[in-house]
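Okay, structure first, notes after.
Only the coordinates and a few stated rules stand behind these numbers; no lab work does. All values reported here derive from a predicted model rather than from experimental measurement. Cβ atoms come from the backbone with ideal geometry, glycine included; neighbour counts cover every protein chain shown.
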Amino acid sequence: MFFTKKHVFFAVFLMASLFAVKSHAQSGIDLRINEFLVYNDSSYVDDFGIHGPWIEIFNTAYNSVDIGGLYMTNDPSNPKMYYIPKGDPKTIIPPRGYIVLWPDDMTTHGILHLNFHLESSKVIALYDANGRTLIDQVELPAENTPDVTYGRLVDGGPDWGFLVKNTPAANNDTSIPVSAAQKFVEMDPIGVAMMMIAMSVVFSALALLYLFFKNTSFFYKIDVKKLLCYLRKKPECKEEDIEDEGLPGEVVSAIALALHLYQSELHDHENSILTIKKVSRTYSPWSSKIYGLRQMPR
C-alpha cells in the first residue's frame, strides 16, 4: 500500500490536532481560585501542624492539570511574585480536584507555601506560565472573621460568599441536594400534571404510530414484479404479462380433483346391507303364530 502526500498531510494534521488538544487540556486555564481563609485559628493545618492562611485552587476540567510553572501573586503589578515549581507530583491536580496553597511567607516549608501573606493582601491572582495571561483573580472582602472562609458558593461558579463550613480540598456546597423528583412533588403534590404528561406522551406515541403505519402501508401493496418490469423497461414485459395472471391451470386442476375426491368419499363404508320388505297383510305379522309352525313336506 502506497501513501500519497495527501495521506501524509492528513496524518500530520491529525497528530498536530491531538497534540494541540492535549496541550490545551494540560494548561492552567481551567483552574479557579475556589476558597481561601485569611485568619486561621483552629481550622486546617499544614504538614508542620501550623494553623496558617490557605488558598484552595479548583480544577474545573475533567482531566488532570499541573499547576507547576504558574504564578501566584497578591499584587497585580507584580504577576510573577511566586513561581510554583514544576516536576513535583504534588502540583498535579486531579480531574475536578483541589490543591491547597499556604500564603504564609514560609517557602522553606515546601513548594506549596507562598512568599506573601493574606493579611496584608487585597487581591489574589493566578497567572499563566508566561507571566502575563491572567487565569483567575479575586478581591478579598474588607472584613474577615477568623475560621470563616470566603469562597465560591458552588465549585467553579460565579457567586462568592462566606461559607457555612470550611471545606479545604472539598466541595464548597455542603447543603443537602434536592432531587428532581422532590422538586416535582413540591410543584405538583396531587399528581395532576404527572397524569397529563403521561397521557400526552401515550397519545402522542399512538398518533405517531398511526401516521407511520398509515403512510407505510403503501409499500406493502407494491407488486415487485410489475415494478421491476417498469423500471427495467424490458420489451418482453408486455402489459398482459404484467397483469395478474391468477393461478396456473395445473393448480386449478389439482384443487378440483381434490374437491371431487373429498365429496365422493363422504358416505359411510358399510360391510352389510339391511333390507326391510313391506308385508302386504293388514294384520301385524309379529303377533301371528303361523310363521312359527313347521311346514309339512310335500
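Among residues of the range 107-140 being surrounded by fewer than 14 Cβ atoms within 10 Å (Cβ to Cβ) and charged (D, E, K, R), the one that is farthest from K80 (Cα to Cα) is E119.
Restricting the first member to the range 80-107 and to residues that are within 17 Å of I29 (Cα to Cα), and the second to residues that are of a type in the set (K, R), the beta-carbon pairs closer than 8 Å and six or more apart or on different chains are I99/K90. Among the residues of the range 54-79, those identified as under 14 Å from I99 (Cα atoms) and in contact (Cβ under 8 Å) with a residue 60 or more places away in the chain are W54, I55, E56, I57, F58, T60, L70.
Condition check for A198 on (1) under 30 Å from I55 (Cα atoms); (2) within 28 Å of the chain's Cα centre (by Cα): one failure, at (1).
Only one of the numbered conditions (1) more than 25 Å from G49 (Cα to Cα); (2) hydroxyl-bearing (S, T, Y); (3) under 43 Å from the mean Cα position of the chain (by Cα) is violated by Y98, and that is (1).
The residue that is surrounded by the fewest Cβ atoms within 10 Å (Cβ to Cβ), counting only those in the range 145-172 that are touching a Leu at 6+ places or on another chain (Cβ under 7 Å) and assigned to a loop (DSSP other than H, G, I, E, B), is D159.
Look at V178 and say whether it is exposed (fewer than 13 other Cβ atoms within 10 Å of the Cβ), of a type in the set (V, I, T) and either touching a residue at least 12 places away in the same chain (Cβ under 8 Å) or touching an Asp or Glu at 6+ places or on another chain (Cβ under 8 Å) (or both). Answer is no for this residue.
Which of the residues spanning the range 154-198 are among the small types (G, A, S) and in contact with a Ser or Thr (Cβ under 7 Å, 6 or more places away or on another chain)? Residue satisfying the conditions is G156 alone.
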